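In what follows, a single structure is set out as structure tokens and then discussed.
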Amino acid sequence: MVTGTAFEELLAEDGRVEPRDPMPEGYRRTLVRQIAQHAHSEIIGMQPEGNWISRAPSLRRKAILMAKVQDEAGHGLYLYAAAETLGVDRSDLIDQLHTGRQKYSSIFNYPTLTWADVGAIGWLVDGAAIVNQVPLCRCSYGPYARAMVRVCKEESFHQRQGFEILHTLSHGTPAQHAMAQDAVDRYWWPSLMMFGPPDDDSPNSAQSMAWGIKRFSNDDLRQRFVDMTVPQSEALGLTLPDPEIRWNEERGHYDFGTIDFSELQQVIAGNGPCNRDRIDHRVGAHEDGAWVRDAATAYEAKRADRVGA
Ligand code: 3HC
């Protein structure tokens with residue numbers, strides 16, 4: 001029986017809901033959906049950049065990229081652990097990812113064609129993730145909010161290393177500058193789509209905001225990301241592929257062009273450039289790792305027997 005008043009009082013005081021607190025079933029289900037899909041995004045997100053670890057242009061770049069990809073795995077584990085506080089089982093969430101019943105971020109369904117893409121992902125994708133995740137540090141659900149605090153600290157390293165890769169390339173040879181510009185051209189619009197559909201087509205937003213899960217709307221965070229990124233693109237000496245970007249003094253924001261949300265819907269529906277590859281690779285890795293899970297289970301059973309003996 002959920003004592004709605006205790007829950008509502010907690011939200012009204014901007015308190016934190018903890019795993020043992022009474023909560024409406026809809027609140028719990030919404031958190032499981034969002035946290036699980038956030039975790040899936042972190043794990044799938046390892047693939048595009050992991051593709052370049054063995055081909056990084058220097059030992060320094062390789063070490064940085066390995067650290068970043070390893071961080072993403074850790075983010076996924078924090079988030080699966082946060083989801084499990086809501087009474088779900090990680091193996092079931094992973095099965096829902098593998099069978100398409102749960103989503104992961106659209107952005108990871110695009111290919112990483114050149115080394116500059118690793119820079120564009122760090123600068124744009126992790127930059128967008130920071131804009132989206134900082135407000136989640138104040139999410140009403142305690143375990144999710146706390147997981148986000150550490151994730152955001154590591155994301156700022158991710159974003160800065162991406163910026164540095166692009167800055168090096170854009171101030172290198174003309175061919176390197178062109179490679180950086182090409183990566184930004186391909187990743188700019190999909191990065192804006194990471195924030196979700198427009199507010200008037202976002203079925204979950206109103207309730208998520210009423211429950212203090214979502215602190216700002218999809219469009220508000222998207223605008224915040226554009227406002228942050230345009231000046232950075234100027235410092236990089238790279239052009240964002242949107243001729244309609246211009247400062248609007250009256251609004252106090254940058255105006256920007258129209259996003260093709262049909263592309264987002266197509267990618268979410270599984271028709272992006274890499275959707276099939278990403279899931280096939282993920283399922284294959286999971287199956288290859290079954291022996292590790294079996295060994296850990298057997299070890300734990302033996303240990304429990306010893307302790308129990
Ligand atoms: N990719 C895939 N699905 C998306 C999406 C995207 N870019 N944007 C929206 N969707 C889905 C939603 O999940 C929802 O489907 P569902 O009901 O089956 O879950 C549907 O489209 C409608 O969207 P809504 O706006 O109504 O949904 P939400 O209120 O959940 O908002 C969200 C979507 C903004 C992504 C929100 O879920 C969120 O903030 N999630 C937490 C952050 C997150 O998951 N980020 C993903 C990237 S992680 C990352 O970048 C890691 C970094 O290290 C690189």
*How many residues does region 19-29 contain that are more than 12 Å from Ser140 (Cα to Cα) and part of a helix (DSSP H, G or I)?*
3
*Single condition Gly76 does not satisfy, out of (1) small (Gly, Ala, Ser); (2) open to solvent by 50 Å² or more (accessible area, probe 1.4 Å); (3) under 17 Å from the mean Cα position of the chain (by Cα)*: (2)
*Is it the case that some residue within region 271-282 is modelled with pLDDT of 95 or more, part of a helix (DSSP H, G or I) and closer than 30 Å to Ala206 by Cα?*
yes
*Residues located in region 98-113, provided they are open to solvent by less than 30 Å² (accessible area, probe 1.4 Å) and away from the ligand (no atom under 12 Å from the Cβ)*: Thr112
*Please work out which residue is farthest from Arg28 (Cα to Cα), limiting yourself to region 77-118 and to residues that are part of a helix (DSSP H, G or I) and touching a Ser or Thr at 6+ places or on another chain (Cβ under 8 Å).*
Val118
_Here is a list: Asp219, Asp185. Which entry is open to solvent by 20 Å² or more (accessible area, probe 1.4 Å) and within 18 Å of the chain's Cα centre (by Cα)?_
Asp219
_So if I check each of Pro243, Pro190, which one is within 26 Å of Pro273 (Cα to Cα) and surrounded by 19 or more Cβ atoms within 10 Å (Cβ to Cβ)?_
Pro190
*Being out of contact with any strand residue (DSSP E or B) (no Cβ under 6 Å at 6 or more places or on another chain) and either under 30 Å from Cys274 (Cα atoms) or surrounded by fewer than 16 Cβ atoms within 10 Å (Cβ to Cβ) (or both) narrows it down to one of Arg28, Arg61, so name that one.*
Arg61
*Kindly indicate whether any position in region 44-57 is in a helix (DSSP H, G or I), open to solvent by 70 Å² or more (accessible area, probe 1.4 Å) and within 26 Å of Arg276 (Cβ to Cβ).*
yes
_Of residues in region 138-151 being within 10 Å of the ligand (Cβ to nearest atom) and not hydroxyl-bearing (Ser, Thr, Tyr), the one nearest to Gly119 (Cα to Cα)_ = Val151
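The values are calculated or read from the model by the stated rules, or taken from the named source; none is laboratory data. Quantities reported herein were computed from a predicted structural model and do not represent experimental measurements. Glycine gets a Cβ as well: all are built from the backbone with ideal geometry, and neighbour counts include every protein chain shown. These accessible areas exclude ligands, DNA and RNA; they are computed on the full protein's heavy atoms, side chains included. Shrake-Rupley method; radii C 1.70, N 1.55, O 1.52, S 1.80 Å.
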